[in-house]
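Undergrad: Just passing along the structure, written as structure tokens.
The values are calculated or read from the model by the stated rules, or taken from the named source; none is laboratory data. Computed from a prediction, not measured in an experiment: that's the story for all the values here. Heads up, the Cβs are rebuilt from the backbone with ideal geometry, glycines too, and the neighbour counts pull from every protein chain shown. Accessible surface areas use protein heavy atoms only, side chains included; no ligands, DNA or RNA. Shrake-Rupley method; radii C 1.70, N 1.55, O 1.52, S 1.80 Å.
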Amino acid sequence: MKLIFVYGTAVLLWASAFPAIRASLGYYSPEHLAALRLLIASAALLLFVLAARIPLPKRKDVPAIFLLGFCGFSVYHGALSIGEKTVEAGTASLLVSTTPLFSALLAALFMKERLHLKNRIASFIAFLGIGIIMLGSGASFHLQLGALIILVGAFGESIYFVFQRRLLPIYGFLPLTIYAILTGTLFMLAFTPGLGQMVLAAPSSVNWTVLYLGLFPTVIPYFCLAYATAKVGASEATSTLFLTPVVALFLAWLWLGETPALLSLAGGALTLAGVAVAITGKQR
């Protein structure tokens, strides 16, 4: 029951991030939006670190934590914001749904988890669906580039989910997630020049949206997935993320009035089917 609540919270908050990003990009550049999200998250987490007196990580683990922060936060959030400049929120969520697939492939390659023939066929089906999504989104070069950038972000996120597994028993899901968010924020400091002017120029409703992005989808889902990874492993924990596009598509329609093309929806259904088959019945 606890895992169901954890999964549900992660899916709902993560799904809400896609239309929230899209709504904010009219007033923020993608790089500034990703940097501000992480700065807000880090500011809140630093207060928590001081109050809870969370210790510093061991020196020998610092390079690995920096890598996790870079891949899971700098790359993912930066790439997603850049991609959503040209890709609709619902379509972006369909592309990010490949994260469990990338996680399974990385776990098979580096964690010696078995990848059966069924999983390989399912992977092919999922990537075929991605190709259809990109064709159904307008087939312009810029839009295809945006979709590819989002896939890079999904791959970076899968690296984070898989390789945090080694450090989770040492630090626990809460401190490790905090370390990763803080280190990921350091890489985004390069994009802070000019950020203050954008905050002042943006409407208050947009700034409230960005504040929500920083405090909720940027932090809480990672705590949820880190907790689930510690309980059931990376592949099974991230498998629930294939439900995120269903919620994201509904929220994007409700919030932004976005209705994806039928071809994009067909490709998304194929991608989700491939991901679902890949993770169904997967041995721990």
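Undergrad: Quick check: at a probe of 1.4 Å, how many percent of the accessible area of segment 168-236 sits on carbon and sulfur atoms? Mind dumping the intermediate values first?
TA: Details: 2110 of 2860 Å².
C and S atoms contribute 74 percent here.
Undergrad: Another one. Compute the distance from the alpha-carbon center of segment 252-269 to that of segment 60-97, in whole Å.
TA: Rounded to whole Å, the Cα centres lie 21 Å apart.
Undergrad: Given labels modelled 7 Å from the Cα in the Cβ direction, how far is it in nm from residue 148 to residue 128?
TA: Computed distance between label sites residue 148 and residue 128 equals 2.3 nm.
Undergrad: Next up: Would you work out if segment 1-126 is rounded, prolate or oblate? Take a ≥ b ≥ c from the square roots of the eigenvalues of the alpha-carbon gyration tensor; rounded if a/c is under 1.5, else prolate when a/b is larger than b/c, oblate otherwise. Don't jump to the answer; show the numbers that get you there.
TA: Numbers: a/c = 1.71, a/b = 1.13, b/c = 1.52.
Oblate.
Undergrad: For residue 204 and residue 256 in the same chain, what is the full-extension length gain: residue separation times 0.36 nm, less their Cα-Cα distance, in nm? Can you show the working numbers first?
TA: Details: separation 52, 0.36 × 52 = 18.72 nm, distance 1.76 nm.
Once the chain is fully extended between residue 204 and residue 256, it gains 17.0 nm.
Undergrad: Quick one: length gained pulling residue 4 to residue 59 fully straight, 0.36 nm per residue minus the C-alpha distance? Provide the component values of the computation, followed by the final result.
TA: On the way: separation 55, 0.36 × 55 = 19.80 nm, distance 3.53 nm.
Using 0.36 nm per residue and subtracting the Cα-Cα distance, I get 16.3 nm.
Undergrad: Continuing with this model, one more query. Per residue, how much accessible area does segment 147-210 have with a 1.4 Å probe, in Å²? Could the numbers behind the result be given before it?
TA: Numbers: 2780 Å² over 64 residues.
Averaged over the residues of segment 147-210, the accessible area is 43 Å².
Undergrad: Ranked highest first by average number of other Cβ atoms within 10 Å, how do 41-54, 243-256, 82-95, 24-37 line up? Walk me through the intermediate numbers first.
TA: Values: 41-54: 14.1, 243-256: 19.9, 82-95: 26.5, 24-37: 22.3.
Packing proxy ranking, top to bottom: 82-95, 24-37, 243-256, 41-54.
Undergrad: When a/c is below 1.5 the answer is rounded, else prolate if a/b is larger than b/c, else oblate, so apply that to segment 43-110 with a ≥ b ≥ c taken from the square roots of the Cα gyration tensor eigenvalues.
TA: oblate
Undergrad: So between residue 170 and residue 29, what do we pick up on full extension, going 0.36 nm a residue minus the alpha carbon distance? Walk me through the intermediate numbers first.
TA: On the way: separation 141, 0.36 × 141 = 50.76 nm, distance 3.77 nm.
Taking residue 170 through residue 29 to full extension adds about 47.0 nm, to one decimal.
Undergrad: Using a Förster distance of 30 angstrom, determine the FRET efficiency expected from the C-beta separation of residue 51 and residue 186, and round it to 0.05.
TA: Details: r = 22 Å, r/R0 = 0.72.
So, using R0 = 30 Å, E works out to roughly 0.90.
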